[in-house]
Structures are given as structure tokens and as C-alpha cells.
Amino acid sequence: MLELLYFTEINRAALSASGIIAVVRGVAFDVTAMYTRSRGITDILEHPLALASYVIDIVSIHDANGDYLYVNEAVTHSLGYKVEELIGISAYNLIHPDDRANMAAEAHEKLRRGEVVNQITARLIAKNGDIKYYEITTTPMLDNNGVLEYMIAVARDISDYKEAEKVRAEKELLLKLLAENTVDVVCLHETSGRLVYVSPSVNHILGYMADEMQAAVFTDLIHPDDVTLVANVFSEVLETGEQQHVKYFRMRHKASHWVFLESDTKLVTDSSGQHFILSNCRDVSEQILAGKEIVLINERYRSILESSDAIVAMMDQEGNYLFVNQKAADFVHDAATTILNKNISDYFEPAVVQGYLAMINKVMHTGEGFVFESEVPMNDKTHWFRNSLQPLRSNTGQITGVTVIANDITDQKIAYLKVKHQNEALRQISFDQSHVVRAPLANIQSLLTLFNTDGLDDTQMAYLSMLKDQAERLDTIITGIVTKSYMVRTAIDDDQV
């Protein structure tokens with residue numbers, strides 16, 4: 001379809017030779033046979049512009065005041081007006097009020113001088129009130145005296161272009177705001193590696209101004225041990241076109257210390273088809289250093305656990321092992337890595353397993369720790385343990401299992417039982433002394449008090465007195481034995497074995 005840009009006449013002198021010329025996409029067509037200039041504008045109006053009726057742009061003819069003399073049917077499709085509604089109406093009525101002054105100032109004087117006004121952008125008001133953008137070219141037609149007689153205008157709807165331009169401008173502004181305010185560093189490199197853009201956030205993270213970064217040699221700022229890593233990432237992106245992620249690499253801060261950066265790098269293409277490498281880098285120094293500190297702390301804790309004389313294990317609710325130290329592995333004569341795939345029932349008798357599982361469930365149910373003693377047969381020997389069970393919690397605070405710290409108290413337990421046996425023996429001795437031995441003595445003492453001393457001579461009285469003294473002495477000795485036995489037993493009972 002031909003698209004009419006504007007009408008013009010070459011000049012009055014050439015009128016008889018060329019007549020009215022229609023310029024279509026830069027090609028001039030002689031339409032004199034259709035519209036004879038000598039018959040005036042009336043003939044033009046009586047014979048609608050056949051060519052203009054086929055174009056999608058609004059083609060119109062106006063008098064010197066801007067009133068419509070002719071407009072093609074494209075105005076109906078574009079602005080919603082019928083042709084007859086506009087004839088005799090000033091074109092300025094369709095122009096947005098804010099654009100009328102600019103149109104008058106920019107176009108009026110040029111048209112009166114006979115100059116073509118090319119591609120002025122103005123907003124036109126559609127019949128339904130919508131505002132549309134048009135690019136308007138207006139050509140003046142002067143009479144024999146050089147006075148403006150008619151104007152021929154071609155208006156092209158550029159609303160979609162303007163809307164796209166607006167959206168693009170908004171996106172560019174948004175991208176600019178994001179680039180300038182993001183905490184990450186956004187870098188754009190040519191495929192050669194040369195840095196062509198860096199976001200202002202680089203100042204906060206690396207201490208450099210953006211222009212300082214662009215002026216520097218990028219690889220000089222990367223830690224020597226990480227240069228190959230970054231170069232390989234760039235090569236991989238260029239070769240595969242796939243985005244690459246780097247957990248961290250180090251760049252030198254302006255203050256000379258190293259900053260750990262995590263990056264995502266991908267290939268991008270501009271509107272001209274030129275390729276660039278885009279990297280988004282974020283500062284992960286705190287996380288990396290914290291992670292290293294956590295590893296160090298874990299190693300320290302593991303060292304403490306491995307050097308402990310206690311058996312340390314972590315188990316879930318079913319008694320599956322989650323962790324054991326070497327002391328625990330040695331006790332069951334198995335490798336620590338092997339134990340992690342097993343259950344407490346794989347190593348201990350059912351009675352022991354039942355006791356531990358009951359305590360594990362108690363800890364997980366109450367969320368409180370407990371201390372208890374247990375007797376554990378192992379390798380034809382009975383071991384005694386004092387166990388401390390504490391809840392094992394996840395990062396969210398949920399109880400996922402228990403930590404068991406078991407101290408072998410077998411030797412102490414044996415010593416305690418031996419002392420307890422001795423204590424029982426002392427109790428028996430005390431009982432024998434206070435009941436078995438003292439009872440006959442008490443009887444003897446009672447009998448001695450019943451003796452009739454009448455008629456006894458001095459010798460007999462002396463013997464009786466000696467007998468009473470020995471009975472009392474024996475009673476004192478028995479009382480002393482009982483008292484000392486009680487004191488020893490009390491001391492043993494109070495001892496923390």
C-alpha cells in the first residue's frame with residue numbers, strides 16, 4: 001500500500017508542466033490529470049483525493065486559518081471523527097491545549113514564508129477523549145502573490161512509539177535507580193575483559209569511586225590466587241553462553257585489605273548485537289569469615305570431645321547414632337564412621353537399650369536434661385556409667401535428639417560397693433557388741449547387785465568389788481566399740497563415692 005507523506009506544487013511557473021505533485025515515500029507522482037490546479041480548490045474538494053483515501057496516515061487540507069477543507073477517512077479510524085464533522089472546523093481544536101502554543105509559534109511563521117514544517121510532534125484529542133501522539137508534516141501552498149492560501153498536512157500516529165519510549169525511559173530510570181542504590185556491585189565488561197561500567201555501590205564495598213575502578217586494570221585488583229578462577233569463569237560464559245556462579249573470590253579494597261565477593265556472571269547483548277559480560281557481585285566477607293570461624297570452633301569442640309575421658313554420643317529419638325567421639329567408638333570396638341549408620345540396639349543388650357530409650361524419650365518429651373546411672377554389660381564385664389542426657393536442638397529450636405555424656409564410674413562403683421560391704425560388717429559388729437555381748441554382761445552386772453554381802457570377809461569383799469569393776473570396765477569397752485563403729489559407718493554413708 002502506498003503511504004502519502006505530503007502534497008506540494010513545484011512552483012507556479014512549473015504548474016502548467018507538472019501540476020500538483022504527490023510525493024509518496026520520496027517518489028513524486030503527477031496527479032494533475034485528477035486535480036487541475038487551474039480549476040481551484042473546489043475541483044479538488046469535488047474529487048476526493050483518490051491516493052489519500054488509501055493511506056493510514058491522516059491527510060488533510062486546510063485554509064490559511066487552519067480550518068479543515070478536506071480530510072481523508074483515516075481520521076475516523078485513528079481519532080474517531082467522521083469526515084463531515086471536521087470540515088470547516090479549525091485543526092487547532094483537535095490539538096491538546098498544552099501543545100497549541102508551541103504549534104503556532106513553531107509552524108505558523110514558517111508556513112507563511114512558504115517553508116515546509118517537518119515532523120512536529122503534537123498530541124491530538126480523539127473523539128472519545130483519548131490523547132494520542134502524532135508526528136505532523138505540513139506543506140504550505142501559496143497564491144500568485146506568495147500569500148499562504150492552503151496547507152496540506154500529513155499526521156502519523158506515533159502513540160505506540162511514544163508509549164514504548166515512555167516505558168523504555170521508565171525502565172532506564174528504574175535500572176539507573178537500582179544500579180545506583182543496590183548494595184551489590186554490578187560490573188559490565190567487554191568480551192576482552194575491559195571494564196566499561198561499574199555501579200556506584202562499588203564505593204561502599206571496595207572503597208573505589210566508579211571512575212577509579214574503570215581506570216584500573218581489573219585483574220590487578222583480584223587476589224593472585226583467584227585470577228585464574230575469574231578468567232575461567234569469563235571463558236566459560238563466552239564459550240557456553242550459560243550463567244556461571246562463583247561462591248567467592250577476593251578483591252583488594254582501596255584500604256588494601258581483601259574483600260570476599262560472591263558473583264553471578266552471564267552474557268548479555270545490546271540492541272546492536274554487541275556482546276558484553278555482566279557480573280553481579282555481593283560482599284560475603286562476613287559469611288565467609290564467620291564460616292571459617294565456625295569451622296575453627298567446631299574443630300576446637302571436636303578436639304575437646306575427642307580428648308575427653310567421657311563417652312559422647314548424639315542420638316535421635318529411635319536411638320540411631322548421629323555422632324560419636326573416639327572414646328565411644330573404642331568402647332564398642334567399632335569405627336566411628338561405621339557407628340553413624342547403626343542403632344544403639346546393635347551394640348547393647350535389650351535391657352540396656354530399653355533403659356536408654358526410655359530416658360531419651362523423657363528428655364525429648366520434657367525438653368529437660370536428666371542424670372542417671374546405668375549398669376552396662378560389655379565384653380564379659382559389667383561397666384557402670386553416670387549418664388547426662390541433654391536435648392539436642394536444631395536452628396529453629398526443635399528438639400531432634402539427645403546428647404549423651406557417659407562417664408565410666410566402674411572403679412568408683414566397685415570401691416563404693418566394697419565400702420558398703422565393710423559398712424554392713426561394721427553394722428553387724430556394732431549389733432553384736434551392743435546386743436549379743438552386752439546382754440550377758442548386763443545379766444552379770446544385775447546378778448552382782450543381788451549378792452548378799454553379809455557375812456563376807458574382807459577378802460571376799462575385795463573379790464566382789466574387783467568383779468564389779470571388771471564388769472563396768474567391759475561395759476565401757478563395749479560402749480566405745482559401738483560408738484566408734486557408728487562414727488565410721490556415718491562417715492562412710494556421708495562419703496560421695
Among residues of segment 326-346, those that are of a type in the set (S, T, N, Q), part of a helix (DSSP H, G or I) and closer than 13 Å to Met315 by Cα, counted: 1
Selection status of Tyr133, of a type in the set (Ser, Thr, Tyr), farther than 22 Å from Ser78 by Cα and modelled with pLDDT of 85 or more: no
Residues being more than 16 Å from Ser60 (Cα to Cα) and surrounded by 15 or more Cβ atoms within 10 Å (Cβ to Cβ) - total across segment 127-144: 3
Single residue of Ala255, Ala216, Ala231, Ala210 found to be at negative phi and in contact with a Pro (Cβ under 9 Å, 6 or more places away or on another chain): Ala210
Tabulated pairs, segment 406-419, first closer than 17 Å to Val376 by Cα, second small (Gly, Ala, Ser), C-beta under 9 angstrom, 6+ apart or interchain: Ala406/Ala310; Ala406/Ala313; Ala406/Ala328; Ala406/Ser374; Ala406/Ser388; Asn407/Ala310; Asn407/Ser388; Asp408/Ala310
Test result for Pro377, touching a helix residue (DSSP H, G or I) at 6+ places or on another chain (Cβ under 8 Å), at pLDDT 70 or above and surrounded by fewer than 15 Cβ atoms within 10 Å (Cβ to Cβ): yes
All positions within segment 234-249 that are among the charged types (D, E, K, R), modelled with pLDDT of 90 or more and more than 15 Å from His189 (Cα to Cα): Glu239, Glu242
Where a residue in segment 210-221 is under 21 Å from Asp184 (Cβ atoms) and its partner, wherever it lies, is not hydrophobic (A, V, I, L, M, F, W, C), with Cβ under 6 Å and at least six apart: Ala210/Pro200; Leu221/Arg252
Segment 145-171 residues that are assigned by TED's automatic domain parsing to the domain that holds Val71, paired with ones that are of a type in the set (Val, Ile, Thr) and part of a helix (DSSP H, G or I) (beta carbon under 8 Å, 6 or more apart): Tyr150/Ile41
Pairs, first assigned by TED's automatic domain parsing to the domain that holds Ala336 and within 16 Å of Ala313 (Cα to Cα) in segment 347-362, second in a loop (DSSP other than H, G, I, E, B) and of a type in the set (A, V, I, L, M, F, W, C), C-beta under 8 Å, six or more apart: Tyr356/Phe348
Leading residue by the ranking (nearest to the chain's Cα centre (by Cα)) among those in segment 304-322 that are over 12 Å from Ile405 (Cα atoms) and surrounded by 18 or more Cβ atoms within 10 Å (Cβ to Cβ): Tyr321
Residue list for segment 111-126, restricted to those being outside any strand (DSSP E or B) and either in contact (Cβ under 8 Å) with a residue 40 or more places away in the chain or crowded, with 17+ Cβ neighbours inside 10 Å (or both): Leu111, Val116, Ala126
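The values are calculated or read from the model by the stated rules, or taken from the named source; none is laboratory data. Keep in mind that what you see is a predicted model, and the values were worked out from it rather than measured. Because the Cβ atoms are built from the backbone with ideal geometry, glycine has one as well, and the counts that use them run over all protein chains shown.
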